[in-house]
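*Asks:* Got a structure for you, questions after.
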Amino acid sequence: MTAPDVPVCAIRTRERSPGWDESVGTLASRQHGVVARSQLLAMGWSRDAIGRRVRSGRLRPIHRGVYAVGHSALTRRSHWIAAVLASGPDAVLSHGTAAALWGIRNGGSGRVDIVVPRSSPSTKAIRKHNVRLPADEVTVHEGIPVTSAARAVLDLAADKGAAAAEAAAREMEYLGIYGPVSLPSLLERHPRHRGTPIVAGCLDRLKDDPGGRIRSPLEELFLPFLDTHRILRPRLNAWLTVGHERFQVDCLWPDARLIGELDGFKSHGTKRSFRKDRRRDRRLGARGFHVVRITEDQVLGEPSELAADLHTLLTIVRDNVRASWQP
């Protein structure tokens, strides 16, 4: 919008100035290559200047009033901040998308979750949640307005359930992500939030959990399976030293010297990885570890049979270990 006390010819001169576009490039570099129309107007751009750059391809529309500057290669963070800018003042990234930005959950592709303080319709690309958040539950991370990691876990619990929330809470603890308000404090603050009882249960289970990181969807699925069938939780993604080699195993029950490998094609689908896995199994077996391989089909398709076998294995292997140590 042209300021009344600035000559029109001066505005046009500034719009043609290379430095004028450089200032936009500087702003875009802080926002993952994205700018909002409102920001350009506040910097002194006219609507005509914006339109010309859109027609020339120097500004590429992403959402209404939001543009990529001079390029078409957008990262996930570009799409995330574009969704925030398109959602108006005080909008912040939330739920699973916020958890992905914090690095406590995989994914983050597809529809972007946004919290807005006022009623606003969702779109095909943006899912909006109408919530007024306290100031200490929002922040800026990597240049993107976002809910705190703890708040993301709470919202994720309501949206995706206990397994997703527990995995995110575990990763948040592992990475040492702490904000001004802890998860227990959030539960006290929001007793009626749909995620509160879910997160409370997660925190209760994690008190006695052996620890370790969850790195795959199958691992996330496996823990609730163990709880349902009253099987002792293992340590996840634990490191073992065998001779001069170190191996990372998916699940370790150390007292029973039992190892569970959660097999998916993506991690074990090549001949090279197949041979490497079998060599590791042999090496671990030679040191007294029993290795059992578990697939998603077994967890979902034959849970009772798998649970019975794990109970038996844990009992047999543990008893054999104890017997081997008798004087």
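*Asks:* Taking the condition in the same structural domain as ILE81 (by TED's automatic domain parsing), touching a strand residue (DSSP E or B) at 6+ places or on another chain (Cβ under 8 Å) and without any contact (Cβ under 8 Å) to a residue 40 or more places away in the chain, does ILE126 pass? Show your work before the answer.
*Replies:* On the way: in the same structural domain as ILE81 (by TED's automatic domain parsing): yes; touching a strand residue (DSSP E or B) at 6+ places or on another chain (Cβ under 8 Å): yes; without any contact (Cβ under 8 Å) to a residue 40 or more places away in the chain: no.
So ILE126 fails the test.
*Asks:* Pairs, please: C-beta under 8 Å, at least 6 apart or cross-chain, first residue within 17 Å of LEU41 (Cα to Cα) and in segment 52-63, second among the basic types (Lys, Arg)?
*Replies:* The qualifying pairs are VAL54/ARG60; LEU59/ARG53.
*Asks:* Name every residue in segment 211-229 that is closer than 22 Å to GLN298 by Cβ and in a loop (DSSP other than H, G, I, E, B), in order of residue number. It would help to see each step written out before you state the result.
*Replies:* The first filter runs over segment 211-229 and keeps only residues closer than 22 Å to GLN298 by Cβ, leaving 212, 214-229.
Scanning segment 211-229 gives ILE214, ARG215, SER216, HIS229.
*Asks:* Any chance segment 272-288 includes a residue that's closer than 30 Å to LEU156 by Cα and either assigned by TED's automatic domain parsing to the domain that holds ALA152 or in contact (Cβ under 8 Å) with a residue 12 or more places away in the chain (or both)? Even if it seems obvious, please write down each step before you answer.
*Replies:* The first filter runs over segment 272-288 and keeps only residues closer than 30 Å to LEU156 by Cα, leaving none.
No - not one qualifying residue is present in segment 272-288.
*Asks:* Next up: Please determine whether any residue of segment 147-159 is at pLDDT 90 or above, over 26 Å from SER78 (Cβ atoms) and assigned to a loop (DSSP other than H, G, I, E, B). Write out each step before concluding.
*Replies:* Filtering segment 147-159 for residues at pLDDT 90 or above gives 147-159.
Cutting the leftovers down to over 26 Å from SER78 (Cβ atoms) gives us 154, 157-158.
With the extra rule that they be assigned to a loop (DSSP other than H, G, I, E, B), the set shrinks to none.
Within segment 147-159, not a single residue is at pLDDT 90 or above, over 26 Å from SER78 (Cβ atoms) and assigned to a loop (DSSP other than H, G, I, E, B).
*Asks:* Tell me yes or no: at least one residue of segment 254-263 is touching a Lys or Arg at 6+ places or on another chain (Cβ under 9 Å), within 15 Å of ALA165 (Cα to Cα) and in contact (Cβ under 8 Å) with a residue 60 or more places away in the chain. Spell out how you get there, then give the answer.
*Replies:* If we filter segment 254-263 for residues that are touching a Lys or Arg at 6+ places or on another chain (Cβ under 9 Å), which is where we start, we get 254-258, 260-263.
Right, trim to within 15 Å of ALA165 (Cα to Cα) and you get none.
No, segment 254-263 contains no residue that is touching a Lys or Arg at 6+ places or on another chain (Cβ under 9 Å), within 15 Å of ALA165 (Cα to Cα) and in contact (Cβ under 8 Å) with a residue 60 or more places away in the chain.
*Asks:* Sort through ALA135, ALA152, ALA157 and tell me the only one that's under 28 Å from SER29 (Cβ atoms), of a type in the set (Gly, Ala, Ser) and under 16 Å from the mean Cα position of the chain (by Cα). Talk me through it step by step, then tell me what you get.
*Replies:* Details: ALA135 fails: under 16 Å from the mean Cα position of the chain (by Cα); ALA157 fails: under 28 Å from SER29 (Cβ atoms).
Matching residue, one of ALA135, ALA152, ALA157: ALA152.
*Asks:* Could you list, in sequence order, all residues of segment 191-222 that are surrounded by 17 or more Cβ atoms within 10 Å (Cβ to Cβ) and at pLDDT 95 or above?
*Replies:* HIS193, GLY195, THR196, ILE198, VAL199
*Asks:* Going by the structure shown, is LEU93 modelled with pLDDT of 95 or more and within 19 Å of the chain's Cα centre (by Cα)?
*Replies:* Values: modelled with pLDDT of 95 or more: yes; within 19 Å of the chain's Cα centre (by Cα): yes.
Against the criterion (modelled with pLDDT of 95 or more and within 19 Å of the chain's Cα centre (by Cα)), LEU93 qualifies.
For every residue, the table says whether it meets (1) in contact with a Leu (Cβ under 9 Å, 6 or more places away or on another chain); (2) in contact (Cβ under 8 Å) with a residue 40 or more places away in the chain.
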| residue | (1), (2) |
| --- | --- |
| ILE114 | yes, no |
| VAL140 | no, no |
| ARG151 | yes, yes |
| ASP155 | no, yes |
| LEU175 | no, yes |
| ASP204 | no, no |
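*Asks:* Being of a type outside the set (D, E, K, R) and in the same structural domain as GLU302 (by TED's automatic domain parsing) narrows it down to one residue among LEU175, LEU223, LEU187, LEU183; which is it?
*Replies:* So the residue among LEU175, LEU223, LEU187, LEU183 that is of a type outside the set (D, E, K, R) and in the same structural domain as GLU302 (by TED's automatic domain parsing) is LEU223.
*Asks:* Filter segment 223-263 for residues that are surrounded by fewer than 20 Cβ atoms within 10 Å (Cβ to Cβ) and within 20 Å of the chain's Cα centre (by Cα); which is farthest from TYR174 (Cα to Cα)?
*Replies:* Among those residues, the one meeting the criterion is PRO224.
Here's the yes/no breakdown for (1) within 34 Å of the chain's Cα centre (by Cα); (2) surrounded by 14 or more Cβ atoms within 10 Å (Cβ to Cβ):
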| residue | (1), (2) |
| --- | --- |
| ALA36 | yes, yes |
| LEU40 | yes, yes |
| TRP45 | no, yes |
| ILE50 | no, yes |
| ARG55 | no, no |
| ARG64 | yes, no |
| HIS71 | yes, no |
| LEU74 | yes, yes |
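*Asks:* Checking LEU40 against (1) in a loop (DSSP other than H, G, I, E, B); (2) under 22 Å from GLU142 (Cα atoms), which single condition isn't satisfied?
*Replies:* Among (1) in a loop (DSSP other than H, G, I, E, B); (2) under 22 Å from GLU142 (Cα atoms), LEU40 violates only (1).
*Asks:* Among the residues of segment 71-111, how many are among the hydrophobic types (A, V, I, L, M, F, W, C) and closer than 24 Å to LEU40 by Cα? Working first, answer last.
*Replies:* Taking segment 71-111 and keeping what is among the hydrophobic types (A, V, I, L, M, F, W, C), we get 73-74, 80-86, 91-93, 98-102, 104.
Next, from what is left, pick out any that are closer than 24 Å to LEU40 by Cα: 73-74, 80-86, 91-93.
Summing the residues that are among the hydrophobic types (A, V, I, L, M, F, W, C) and closer than 24 Å to LEU40 by Cα in segment 71-111 gives 12.
*Asks:* For segment 88-103, enumerate the residues that are surrounded by fewer than 24 Cβ atoms within 10 Å (Cβ to Cβ) and assigned to a loop (DSSP other than H, G, I, E, B).
*Replies:* The answer is GLY88, PRO89, ASP90, ALA91, GLY103.
The values are calculated or read from the model by the stated rules, or taken from the named source; none is laboratory data. Keep in mind it's a predicted model, so treat the numbers as computed, not measured. Note that each Cβ is placed from the backbone with ideal geometry, even for glycine, and that neighbours are counted across all protein chains shown.
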